[in-house]
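Taking it in order: structure first as structure tokens, then the write-up.
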Amino acid sequence: MITKRFWITLLFCLGLFNSVLAQEKKISGIVTDQNGLPLPGVAVIIEGTKRGTSTDFDGNYYISVNVGQTLLFSYFGQMDERKKIGSQNVINVTMKEDTETLEEVVVTGYSAQKRSDITGSVVKVDAEKLEQVIVSSVDQALQGNVSGVSVSAISGTPGSTSNIRIRGISSITAGNEPLYVIDGVPVNNGNASSSDNYSRISTLAALDQNNIESITVLKDASATAQYGARGSNGVIVITTKKGKQGKTKFSVNMSYGFQNDAVEGAVPLTAANRLELYSEALFNDGRYPTKESAERALLEGPYKEWNEAGRPEAHWDEAVRNKDAVVQQLGISASGGGEDHTFFGSLGYFNQEATVIGVGFERISGSLNLTKDLTPKIKFSSNNSGTYSLQNAFLERSAFFESPRSAKFFLSPLLLPYNEDGSFNQFGGSLPNPLYLVQHNIANQNIMRIISNNSLNWQLTENLSFGSTFNVDYQGYNFRLYSNRNYGYSVPNSGDAAQFSRSNVFYVFQNYFDYRLEFSEAHRMDFKVLQEYQSNRSYFLGGAGENFAADGLFFLDNVGTPTSVNSSFFDWYVGSYLGLLKYSAFDRKYILDLSYRREGNSRFPSKSRWGQFWSVGGAWNIFREDLIADIEEIDNLRLRASYGVTGNANIELNQYQALFGYSIDYGGEGAQSLSTFGNDNLTWETSHTFDIGVDFGFFDNFFSGSIGYFKRTSSDLLLDVPLSQTTGFASQVQNIGELTNTGIEVDFNFNIVNTNNWKLNLGGNFSTVNNEVTKLPVDNNGKEREITTTTTNIATGHPVREWFMPTWAGVNPETGNEEWFVNGVDGETTTVFNEAEAVFQGGNAVPTFTAGLNLNFSYKGFFINAQGYYAGGHKIYEGWHRYLNQPNGYTITTFNGYTSLLDRWQKPGDVARNGKFTTAFEPWERHSKFLFDGDFFRLRALTLGYDMPSELMDDIGMGSVRIYVRGNNLLTWVKDENLVFDPEVDLNGETGLETPPVKTVAFGVNITF
Amino acid sequence: MKKISYSLFTLVLLLLGACSTDSLDPTLSQSRSVEDGIVNVDNLHGILKGAHNIMSAAGYYGRDLIVNNEVRSDNCFSNGNSGRFSTQAEYLYNENTDYIWNNAYNLLANVNVIIGANLSSLDGNQEQGRHIQGQAMVLRALAHYDLLRVFGQQHTKSGGSLGVPIVTTFNGDDLFPKRSSIDEVKAAIYDDLETAYGMMDTSFDTSKTIVSKYVAKALEARVAIYFGDWDRALTASEVVIDSGMYGIIGADAFVNSWTGPGTVNVIFELAYSNADNLGPDAISNIYRFPGDAPGGYGDVQVVSDLIELYEENDVRRDILGYQDSGTRLRNMKKYPDTATGTDNIPLFRYEEVILNYAEALFETGGNALAQLNLITANRGASAYVTVTKEDILKERRKELMFEGFRFDDLTRTGMDIEILGSLENSLGKVEYPSNLLAYPIPLSEINANSNVVQNAGY
């Protein structure tokens, strides 16, 4: 200690001595950028000393300096400037952009990398693209923006979840959802709803889109290496906005819009249609000698009242429609910072109604992101957000008679929605009037999500730093149900109510060291070692009861008969160690990435809990080679390749243990029964991915993009292997089976015009993915254990869950019977469904080809942005056709059919899509008549806007003002004309009764000052 | 500064240390490992209750096994109101049509755990342990019988002899068992029932909602009747009758007995309550609409002229009723609670034992008349003067209607069955013997275990 103080004193004295001798003078000046705008926060240092200052908000600086010394001006993104002090007292500096440091920095998870240092397949989507689509959950905005990524909304209900597949399906029965990373920390997203029947609610919808800086999608083994253990399905890295040093900037974003179903969809039969079809069916069944006599009988029977009332039509599709559903958002943020701190704070409000009555989503959010230099070497940052999301949900995940969406199709048009006096028609029967129920029943779920991400980074030496991050993600969920006692299904119970709540907490601890080893200017190695621990604890509590004493009471306190109560606790833990090495050689001409991750997961037994994952990636930056660097036409040309092993552990908890479950009871007493078969050899599913690609930019980046090929082989699949049910179980999770995905991914961009006034840019991407099962378990006789449903089959040599069913041969023009091919392909036909063989129909429900296109045009302040999305090569199946789209008794008596049924056989010689009508009820028969090409194109976004001239804005004290009108999904093209539903369905590929995707027209304004 | 660095360093070490294999052990809160799940006799009782819960599911005795045997018979048809049971009623099932295969084998897995438990290693009353193992064995016999009568080839045209795989251990050596022959399965059933009867002690039988000692004999009689083992049926029935524990319910109480738990005629029934019921999938909801007009499910409708079967004063006529403005004949009073489905479902009634006894007596030359008239006397029906086989079957039909016996009575006596469509229209006949009388083995089983041979015709 004494020595240290001694030296400091000595240095101080020397400095003093020095300054006495030298000729000191005061220098001032202003530092501006290339465009003449003042630069605040520029470091101004006297070279060779530690003395210095920085520019103020207006770019001014003042410093005392000796003649002969040199001032060094440095600022991020600008080339360093040196000025030797001579006679002048004012030194103004214009800094020049440094293209090297300005190179796009891509956040890839635990670290950020420069674009040309990346060896993997990475696509970054910035906020500007994301905000072109108005959605409750930001993942949906990725649709069409990233090659190799297919996004399909599971439901159009606001706040619902989406299916995202990055490069197809990597697993058969384990999860295929990508890993989400927010600000460097793996987080859990998905459906929080505790019900299998009501709308889904996404925890990702808790993120305010206004706060997202960018989303990066990591696709290959090298890119996902940092998350190797969970990287098989790709990684989605979300970066939130941070403050920047400088004057506090305020920003206000507002938009207000109207939505309707993007595709009108099936049109229900009118009562007049039904009368016609019903009469015909009765005649066909031989119950009446002519159609006319059948019609007369109906008009005296079930259609009498309707006829006498002047044949009114119910139009249930209109009655349950929320026309021009409102969507509005408001975001206010402030950001800025001083010398040693930055901040970004925001408030957000989002409100979206569904296109079906009684359903909607609302979100209130706030965030505060701070950084603070505690000492020059220790930086602290804290990102915090809190969100409350509320969704009015409804029964949409099957055919529920109480649901307004089901009512649209299932309710008879003879039942009118309203009485003559305008009150709700409280008719009896299987399907109650949903208009009444929407108004009198309650189904809402809410999520309170709080994420707090805190990290410290300590620069130990110039080349070594240590960091530590602690992240808490709290997801509180509450679901409340109430059914009234006056009308509907709960009348016999005198009303019922239920409430469920879940408190779900995720913790992540990370500790890491970063070390940079520089052999010379040209050779550099960056090391990272990281340790991570993640845990989840989830508590659930729920109860239900019935019998209310009076109306207007909704809570369980007031039920006469409690009917159920349940609570549970689940947890899981993940521990991991990571090592990364990036070697950049010969002035960044060659890049080598190595990674190794060891991860343990509580889903596996202790002996096989840990998995090892690694990757190697290399890039050759050809454009930096001397020969090429001189060619002006080539701005960028690089070759990259990677290979590695990633993992997947996306299975349910406690699958490895043979278990008794106790969640059952008998006769009011607790009971136990075998619940899990168990497999004490269970371990990680792994994927081996090979990637090769070229990135390029030519003619001053007039044309740029990338082309890549990948092959991913997933093996030791965590497969629900079908067991002989004589074991008492249907399946057991085993590490067995193999499948491959191969594909080509192309991203491109044309900078067609780029002048001060005119800008025109056309970009796009397309990708293919081919999926094939290459290995399945066999039984004791060596026979492959295929996994078959009534519509799909999993077998080697085919894509996962390829459609598999009997083939429809059409309607026999002579008899009017629907027929199928006996052998499933051609030749002999049969009218007996059980005689027709089920065969592969080609393709599964996952698109094999996706493409996106975007166009940006601007002239002075006016601009147009457009985005399109194409998905194809897959097939989708129409659900519920037995009840709604077959010429049988259901569509004309019990429920209701679509107008597509009017194309039916009536007499010999008719060529029709539907067979002859009958009043009989047919059993479920699933076949290729209801399987459709899923190809569609959508105009995802079209924005017309105007940026006010900045001079004008300055005068009124505004930074910038942008006004725009935006349309989403304005156009949809569907390949298969017989498909009566919106082609965008969830990845099980079956159309359901969820709300469909919407088209939106919105007006908005963005203001900064 | 030094302090900070030390504490940081310590923190790092702590966290690194925290990441060991053991620290990643998950908590088992709602479940227990199979080893920890059986430590005393009481646990065996817990598994036994769990086994009853499996039986009470809608896919098994809660609905499907009973209703399938009614809609495929001349008692009922499916009107298709909610699309349920029309596939079965119209004999259109295929290998994708789910039936009790998974439920019954799941039941077997659980009861085999009880039977396989080493009693002496468990705490608690050993006698009670033996009794529980006996109860489990009765259920094992029941599951094998259910599988055999649904999937066995005893009534198929091709004259097959295949029964179903016999499973007597949980997670045993052979996870891909073959189908045993009909005779082997039958022998295993009788064997289990005899052993079980010997192991059980009525002092441990405290509830009618848990399988009891005399269920072993009642089931034995039922199986024996099915296969025409008349002597065995005779003696087994007599044991139940001689126990003196049960009686025929009187005419006045008959209809109401379907609402109350554990009346005198009930030997064994499945428990349902306000807190534990099948909701919309309850058997009551398939037999009728919740109100008079079409609504809910209510697919299973009674053949219109069936009401003629009963005499005017027969109390069993009151089980029937009409819905939809008097146009649809219905089972209104067996399993009556349509609101929540809280009625217990009797699986063994004393009346069935008497009818089995009467039939066995008839076949062996005994006095069937007296037994048969015990039934009619308690139903307000005229007594028989003479007895034919047809009389016995007719009385069975009248007494056990809607309880899932009719299909087996038709097939075991080799009768043809008329197929009715959703409008009660005739769709032809299933002529005995027929491949349609054996259900297809589920495709999932065939896919997973190629040792199992599919029934002919599927």
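The values are calculated or read from the model by the stated rules, or taken from the named source; none is laboratory data. Source: prediction; values computed, not measured. Cβ sites come from the backbone with ideal geometry, for glycine too, and all protein chains shown count toward neighbours.
The table below lists the values:
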| read-out | value |
| --- | --- |
| Scope the range A:889-947; condition away from every other protein chain (no Cβ under 14 Å), part of a loop (DSSP other than H, G, I, E, B) and closer than 21 Å to B:Asn94 by Cβ; matching residues | A:Gly915 |
| Qualifying helices (runs of 4 or more DSSP H) (wholly inside the range B:200-279; at least 3 residues being among the charged types (D, E, K, R)) | B:213-227, B:230-243 |
| Hits in the range B:82-92 (condition: under 21 Å from B:Ile417 (Cβ atoms) and facing chain A (nearest Cβ under 8 Å)) | B:Ser86, B:Thr87, B:Glu90, B:Leu92 |
| Residue within the range A:859-879 that is modelled with pLDDT under 95, within 14 Å of another protein chain (Cβ to nearest Cβ) and over 30 Å from A:Asn757 (Cα atoms) present | yes |
| Considering residues of the range B:428-457 that are under 15 Å from A:Arg785 (Cβ atoms) and assigned to a helix (DSSP H, G or I) only, the residue farthest from the other protein chains (Cβ to nearest Cβ) | B:Ile446 |
| Selected residue (criterion: farthest from A:Val42 (Cα to Cα)) from residues of the range A:68-80 that are at pLDDT 85 or above and touching a Ser or Thr at 6+ places or on another chain (Cβ under 9 Å) | A:Gln69 |
| Sole residue being within 22 Å of the chain's Cα centre (by Cα) and farther than 26 Å from B:Ser82 by Cβ, chosen from B:Glu390, B:Glu351, B:Glu403 | B:Glu351 |
| Selected residue (only one of A:Arg516, A:Arg502 is of a type in the set (D, E, K, R) and surrounded by 19 or more Cβ atoms within 10 Å (Cβ to Cβ)) | A:Arg502 |
| Considering residues of the range A:529-583 that are of a type in the set (Gly, Ala, Ser) and more than 12 Å from chain B (Cβ to nearest Cβ) only, the residue surrounded by the fewest Cβ atoms within 10 Å (Cβ to Cβ) | A:Gly552 |
| Spans of helices (runs of 4 or more DSSP H) in the range B:31-146 with at least 3 residues closer than 23 Å to B:Pro177 by Cβ | B:41-55, B:101-116 |
| Selected residue (only one of A:Gly52, A:Gly59 is in contact (Cβ under 8 Å) with a residue 24 or more places away in the chain, surrounded by 15 or more Cβ atoms within 10 Å (Cβ to Cβ) and closer than 24 Å to A:Gly338 by Cβ) | A:Gly59 |
| Leading residue by the ranking (nearest to B:Ala271 (Cα to Cα)) among those in the range B:32-81 that are free of Cβ contacts under 8 Å to residues at least 60 places away in the same chain and within 10 Å of chain A (Cβ to nearest Cβ) | B:Asn53 |
| Subset of the range A:26-61 [charged (D, E, K, R) and out of contact with any Ser or Thr (no Cβ under 7 Å at 6 or more places or on another chain)] | A:Asp33, A:Lys50, A:Arg51, A:Asp56, A:Asp58 |
| Strands (runs of 3 or more DSSP E) completely within the range A:768-839 that count 3 or more residues being within 21 Å of B:Leu443 (Cα to Cα) | A:792-794, A:802-806 |
| Hits in the range A:832-858 (condition: surrounded by fewer than 19 Cβ atoms within 10 Å (Cβ to Cβ), at pLDDT below 95 and of a type in the set (Val, Ile, Thr)) | A:Val832 |
| Count of residues meeting criterion [in contact (Cβ under 8 Å) with a residue 60 or more places away in the chain, assigned to a loop (DSSP other than H, G, I, E, B) and away from chain A (no Cβ under 14 Å)] in the range B:284-328 | 5 |
| Members of the range A:339-363 that are more than 30 Å from A:Glu402 (Cα to Cα) and touching a residue at least 24 places away in the same chain (Cβ under 8 Å) | A:Glu339, A:Asp340, A:His341, A:Thr342, A:Phe343, A:Phe344, A:Gly345, A:Ser346, A:Gly348 |
| The range A:519-547, subset touching a residue at least 40 places away in the same chain (Cβ under 8 Å) and not in a strand (DSSP E or B), residue nearest to A:Tyr110 (Cα to Cα) | A:His523 |
| Set B:Val71, B:Val67, B:Val111: member being over 30 Å from B:Asn435 (Cβ atoms) and touching a helix residue (DSSP H, G or I) at 6+ places or on another chain (Cβ under 8 Å) | B:Val111 |
| Leading residue by the ranking (surrounded by the fewest Cβ atoms within 10 Å (Cβ to Cβ)) among those in the range A:310-352 that are of a type in the set (Phe, Trp, Tyr) and farther than 24 Å from A:Phe394 by Cβ | A:Phe343 |
| Tally, over the range B:176-193, of residues that are without any contact (Cβ under 8 Å) to a residue 24 or more places away in the chain and either within 14 Å of chain A (Cβ to nearest Cβ) or of a type in the set (D, E, K, R) (or both) | 4 |
| When residues of the range B:344-354 are limited to those that are under 20 Å from B:Thr235 (Cα atoms) and touching a Phe, Trp or Tyr at 6+ places or on another chain (Cβ under 9 Å), the one surrounded by the most Cβ atoms within 10 Å (Cβ to Cβ) | B:Val353 |
| Test: B:Ala136 is buried (at least 23 other Cβ atoms within 10 Å of the Cβ), over 24 Å from A:Val832 (Cα atoms) and more than 10 Å from every other protein chain (Cβ to nearest Cβ) | yes |
| Residue identified as touching a strand residue (DSSP E or B) at 6+ places or on another chain (Cβ under 7 Å) and acidic (Asp, Glu) among A:Glu318, A:Glu339, A:Glu313 | A:Glu339 |
| Filter pass, A:Gly708 being in contact with a Gly (Cβ under 7 Å, 6 or more places away or on another chain), in a strand (DSSP E or B), surrounded by 19 or more Cβ atoms within 10 Å (Cβ to Cβ) and not hydroxyl-bearing (Ser, Thr, Tyr) | yes |
| Count of the range A:353-409 residues which are hydrophobic (A, V, I, L, M, F, W, C) and buried (at least 24 other Cβ atoms within 10 Å of the Cβ) | 8 |
| A:Leu415 vs. criteria in contact (Cβ under 8 Å) with a residue 24 or more places away in the chain, within 29 Å of A:Asp496 (Cβ to Cβ) and crowded, with 20+ Cβ neighbours inside 10 Å | no |
| Criterion (under 33 Å from the mean Cα position of the chain (by Cα) and away from chain B (no Cβ under 13 Å)) met by exactly one of A:Phe690, A:Phe699 | A:Phe690 |
| Selection count, the range A:499-549, where residues are more than 29 Å from the chain's Cα centre (by Cα) and among the β-branched types (Val, Ile, Thr) | 1 |
